[in-house]
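K.L.:
The structure is given below, and queries will be raised subsequently.
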Amino acid sequence: MRRPHCKRAWLTVCAGLVIGCGALVIGCAGLAAPALAGTATGQFPVRITLANPLYANAPAGAAAGAAATGAFCVNQALSQATQATVTVVCSTNQFVSIQPVPGASFLGTDAGAYRFLLRPDVYAQPADLTWQAGMGTITTLQIVRKKRSQWEITEIQISY
Amino acid sequence: MKKLGFAVSVLLAALVSVSAQAASPITKTFPVNITLTSACVVTTPPVAVTFTYTSLQTTSATATGTTVGITCTNTLPYSVSLAPSAAAYTITDQATNLIYTLTLNGAANDLAGQVGNGAEQIVNIGGTMAAGQAGTCNTSATTCSNSASTNLTQTVTITY
């Protein structure tokens with residue numbers, strides 16, 4: 001008589017556990033619902049065409065596809081202060097010249113023009129600036145004439 | 001004769017019983033359970049975002065954009081963003097070294113608060129590129145393209 005009673009008790013316990021577990025699962029499912037979010041994706045290319053400014057500025061009638069031979073570049077950090085224009089040949093990557101804007105000088109970046117000392121016995125060579133040279137002085141020609149043991153020098157300078 | 005009368009009575013009783021059963025049918029109800037899993041699908045994939053830029057141009061460039069068609073379950077909230085999600089989606093193209101920003105519906109990245117309606121909804125993908133960028137274009141060709149860029153492909157993500 002005791003064994004059936006015991007079985008009934010166990011069944012009651014098990015049923016209680018099942019109901020409890022079920023409630024737990026439902027509760028967990030409710031909590032987990034927002035975490036079930038999904039994603040969808042789409043991919044696409046971002047295409048960029050970078051135009052070569054040499055061609056953009058090419059004169060009308062220039063042959064299409066012709067190799068660029070030069071460009072006009074300005075150093076914005078210095079050119080505005082020095083009024084310098086930098087010209088570069090791009091086809092060979094060769095630096096060509098730095099020169100002031102016509103009629104202007106390099107301002108604040110050098111001490112003036114360099115003076116080349118011409119002597120009859122040596123080739124022209126650069127010399128340190130002297131007081132004769134001054135700011136912006138360029139020595140362009142020196143005529144040397146020997147009179148007996150004396151040197152007679154005539155110097156022509158162009159200044160700006 | 002008595003026997004015959006009894007048989008007729010039994011037959012009539014049976015007929016009455018059958019008729020009575022047909023007049024009161026037995027009904028049984030049952031549920032139709034439906035489990036609807038919400039989802040968003042990219043129904044029209046984006047094509048391409050295209051920039052055309054001239055080195056050091058003085059005005060910003062606006063891309064030719066594309067659209068993405070998204071269809072979501074009715075009333076399902078979702079958001080759209082360009083991966084990785086960020087307030088402003090700015091990328092430096094690996095090939096041309098140009099920096100650009102992509103937008104969703106003309107605004108910043110991360111289009112939140114969208115709600116599905118069961119029909120396709122369109123989101124515009126656009127882009128801008130700031131002025132004054134030099135870029136990288138080391139050939140003498142007319143233009144440079146980013147077709148070989150390692151970050152050419154971008155991803156739009158729908159989260160629901």
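K.L.:
Using the basic label-point model (7 angstrom from Cα toward the beta carbon), what is the A:K146 to B:N74 distance in nanometres?
P.N.:
11.4 nm
K.L.:
Please compute the average number of Cβ atoms from other chains found within 10 Å of each residue's Cβ in peptide B:33-46. Please list the in-between numbers first.
P.N.:
Values: counts 0, 0, 0, 0, 2, 3, 2, 4, 2, 4, 2, 1, 4, 4.
Counting Cβ atoms of other protein chains within 10 Å of each residue's Cβ and averaging gives 2.
K.L.:
Also, quick follow-up: Taking R0 as 51 Å, what's the FRET efficiency between B:T27 and B:A48 from their Cβ-Cβ distance, rounded to 0.05? Mind showing how you got there, number by number?
P.N.:
Numbers: r = 62 Å, r/R0 = 1.21.
After rounding to 0.05, the efficiency reads 0.25.
K.L.:
Ok, one more. Interface size between chain A and chain B, please: total buried accessible area, 1.4 Å probe, rounded to the nearest 100 Å².
P.N.:
Details: alone 13740 and 10870 Å², together 21940 Å².
Answer for the A-B pair: about 2700 Å² buried.
K.L.:
Please compute, for peptide B:147-160, the average count of beta-carbon atoms on other protein chains lying within 10 Å of each residue's beta-carbon. Mind showing how you got there, number by number?
P.N.:
On the way: counts 4, 0, 4, 0, 1, 5, 4, 5, 4, 5, 5, 5, 5, 5.
That average works out to 4.
K.L.:
Could you compute how much accessible surface B:I122 exposes when probed at 1.4 Å, giving the result in Å² to the nearest 10?
P.N.:
Rounded to the nearest 10, the figure is 90 Å².
K.L.:
While we're on this one: Set the Förster radius R0 to 30 Å, insert the Cβ-Cβ distance between B:S60 and B:A119 as r into 1/(1 + (r/R0)^6), and round the FRET efficiency to 0.05. List each step's numbers first, then the result.
P.N.:
Values: r = 35 Å, r/R0 = 1.17.
Rounded to the nearest 0.05, the efficiency is 0.30.
K.L.:
Between A:T49 and B:T35, with labels modelled 7 Å along Cα→Cβ, what's the label distance in nm to one decimal, could you check?
P.N.:
Placing both labels 7 Å beyond Cα along the Cβ direction yields 5.3 nm.
K.L.:
Using per-residue counts of other Cβ atoms within 10 Å, averaged over each peptide, order A:143-155, B:124-136 from highest down.
P.N.:
Working: A:143-155: 9.3, B:124-136: 17.1.
Ranked from most to least packed, the peptides come out as B:124-136, A:143-155.
K.L.:
Between B:S147 and B:T67, what is the spin-label point distance in nm, taking each point 7 Å from the Cα along the Cα→C-beta axis?
P.N.:
Going by the 7 Å Cα→Cβ label model, 2.8 nm.
The values are calculated or read from the model by the stated rules, or taken from the named source; none is laboratory data. The structure presented is a predicted model; accordingly, all values stated were derived computationally and were not measured. Glycine gets a Cβ as well: all are built from the backbone with ideal geometry, and neighbour counts include every protein chain shown. Ligands, DNA and RNA are excluded from the accessible area calculation, which covers all protein heavy atoms including side chains. Shrake-Rupley method; radii C 1.70, N 1.55, O 1.52, S 1.80 Å.
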